[in-house]
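The values are calculated or read from the model by the stated rules, or taken from the named source; none is laboratory data. Computed from a prediction, not measured in an experiment: that's the story for all the values here. When we count neighbours, we look across all protein chains shown, and the Cβ atoms used for this are built from the backbone with ideal geometry, even at glycine. These area figures cover heavy atoms from the full protein model, side chains too; ligands, DNA and RNA do not enter into them. Shrake-Rupley method; radii C 1.70, N 1.55, O 1.52, S 1.80 Å.
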Amino acid sequence: MIREKRRIGNIRFSVLGLWPLIFFACFAIFAVNSSAQDLESIRSAIASGNVELTRNALFQIRNLHSEAASRLAIPALSNPDPVVRATAASSIFFLSDSEVAVNLRPLLTDKDAFVRGEAAYALRHDHTGIDTSALINLLLKDKAVEVRSAAAVALGVGDRFTVKWLADVLRQRPNESIEFLRRSAAHSIGLIAESQLGQKVTITTPENFLPDKYKKGYAPTAVTDRPTISQLPEFRTATATLSKVLENKNEADDTRREAAFALGAIGDPASASLLRSHLNSPDNYLAEICKEALLKIERSK
């Protein structure tokens, strides 16, 4: 009898020990079913033809962070409503880079400027280069400055041959209407330079206001194995243009800051004296960015 009770007790203990696994399995099944229901609900909303329902479904796709959800947004790219098309452009993010590029290509020539801009901006993470020519065309020729600015941002993941076109934007006379365009072009040149060096691209500038040793560019001794890109024709020409932008007091503060960032990313020692001359700038952000740029140049010697 005692032995039987022990056996039953062991069985009870074993069952209790399985509860976490049983709970997890039930939760997983519920999650899968819930996800499937979510996707079906999104598919139905997009197919309904109702603009408001479709837009809400597209916003929901962004929150699901999955390829399966992003794929549901593809039909909405050809929706008659421009706001829906623009929303769909940023909802296919979790497809592969090549799929994103191919699906967004028609929107880069859309008749609606808002759609063209959203499509261009959605390509800012695309490293395939499939739509580079179309983006350059938008950068140089589109009538809407917002579209040109979005193209400038997207080209920040391009190769060194796109630097020429971004630098061309900076050779135009600065004015308030194209301030963001010029700022974006300068920043993208810096991102391309960092990418060419195999570095993680910088999202914000300045990095911080801490002492040198807490900055990524800090190196107590010279680093000799850093690739040199400053003598490549595209970057050599861009350095001259960026230097003029930094020196020009008529430029917007943000544009001058981005020019300093780009000069540091390119790493040409010839830029050091110009950057050093701004270390005591009344613009604290510009001064700190120049300091970080000089650290990067020191590392390249």
Among what's in the range 265-274 and is under 15 Å from T241 (Cβ atoms) and open to solvent by less than 10 Å² (accessible area, probe 1.4 Å), pick the residue that is farthest from the chain's Cα centre (by Cα). S271
Take T255 and tell me if it is buried (at least 19 other Cβ atoms within 10 Å of the Cβ), over 18 Å from Q196 (Cβ atoms) and polar (S, T, N, Q). yes
All-but-one check, L135 against (1) part of a loop (DSSP other than H, G, I, E, B); (2) farther than 27 Å from A45 by Cα; (3) at pLDDT 95 or above; (4) open to solvent by less than 30 Å² (accessible area, probe 1.4 Å), failing number (1)
Under 6 Å between Cβ atoms, which residue pairs at least 6 apart in sequence (or on different chains) link something in the range 236-252 that is over 15 Å from D168 (Cβ atoms) with a partner that is modelled with pLDDT under 95? N250/P174; E251/P174
Just one of (1) surrounded by fewer than 16 Cβ atoms within 10 Å (Cβ to Cβ); (2) out of contact with any Leu (no Cβ under 7 Å at 6 or more places or on another chain); (3) under 24 Å from V83 (Cα atoms) trips up Q172, so point out which. (3)
Got at least one residue in the range 28-41 being under 30 Å from D131 (Cα atoms) and either modelled with pLDDT of 85 or more or more than 23 Å from the chain's Cα centre (by Cα) (or both)? yes
